[in-house]
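Engineer: Have a look at the structure that comes next, please.
The values are calculated or read from the model by the stated rules, or taken from the named source; none is laboratory data. The shown structure was predicted, so the numbers you read here are calculated from the model rather than taken from an experiment. Backbone-built Cβ (ideal geometry, glycine too); neighbour counts: all protein chains shown. Ligands, DNA and RNA are stripped out before the accessible areas are found, and what is left, the full protein with its side chains, is counted by its heavy atoms. Shrake-Rupley method; radii C 1.70, N 1.55, O 1.52, S 1.80 Å.
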Amino acid sequence: MENNQWYYTDFNRQLNYMCFCEEPEFGSALAYLLTFKKHESLKVTPHKFSIEISNADIHIFIIHTVFFQQQEYEAAKQLKNVHFISFNNKLAEMHEFSKMKNEIKFISKGMLTSTVEALTENKLITALTQFKETDGL
């Protein structure tokens, strides 16, 4: 991780932030889920109400709270190839996101980790995936 300081007071948000900083495969897998294209050199930027994962070609905002719409959305929506996601399906459907109707995509952490497993060249992860797939044989 580039900066070892804690950015978020919420422990779960901090863990998500650290995961994307320390394991670039997660950001690449998320970008692939949204565009079906491989993206490299993704930068992780913490914001007060979101985490941004971006490069020159894509901007992904992982939304934490409804305050994102009031504080960060207007600037974010002006960016090229921008995607708004949430790991919480209830957050993505909240009435408070009236300006962002149908813009927030729900991505389950299970879907993301399965995509990381499918795209990685890490031999340990590949072996674990293959081991799990042998269940029921």
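Engineer: Give the range 120-135 a look and list any residue that's open to solvent by less than 60 Å² (accessible area, probe 1.4 Å) and either within 20 Å of the chain's Cα centre (by Cα) or aromatic (Phe, Trp, Tyr) (or both), or say none.
Structural biologist: Result: 120, 125.
Engineer: Restricting attention to the range 79-87, does a residue exist that is in a helix (DSSP H, G or I) and buried (at least 17 other Cβ atoms within 10 Å of the Cβ)? Break it down into steps so the answer makes sense when it comes.
Structural biologist: Going residue by residue through the range 79-87, those that are in a helix (DSSP H, G or I) are none.
Checked against the condition, which is being in a helix (DSSP H, G or I) and buried (at least 17 other Cβ atoms within 10 Å of the Cβ), the range 79-87 yields no hits at all.
Engineer: Next question, about the same structure. What about residue 28, is it open to solvent by 30 Å² or more (accessible area, probe 1.4 Å), over 29 Å from residue 95 (Cα atoms) and in contact (Cβ under 8 Å) with a residue 24 or more places away in the chain?
Structural biologist: yes
Engineer: All but one of (1) part of a helix (DSSP H, G or I); (2) within 16 Å of the chain's Cα centre (by Cα); (3) among the basic types (Lys, Arg) hold for residue 99; which doesn't?
Structural biologist: For residue 99, the exception is condition (2).
Engineer: Specify which of the listed residues (49, 61, 106, 97) is open to solvent by 60 Å² or more (accessible area, probe 1.4 Å) and aromatic (Phe, Trp, Tyr).
Structural biologist: 106
Engineer: Residue under question is residue 91, and the condition is that it be assigned to a helix (DSSP H, G or I) and under 22 Å from residue 129 (Cβ atoms); does it hold?
Structural biologist: For residue 91, the condition - assigned to a helix (DSSP H, G or I) and under 22 Å from residue 129 (Cβ atoms) - is not met.
Engineer: Okay, next question. So, residue 109, is that one touching a helix residue (DSSP H, G or I) at 6+ places or on another chain (Cβ under 8 Å) and basic (Lys, Arg) or not?
Structural biologist: Taking the combined requirement at face value, the residue does not satisfy it.
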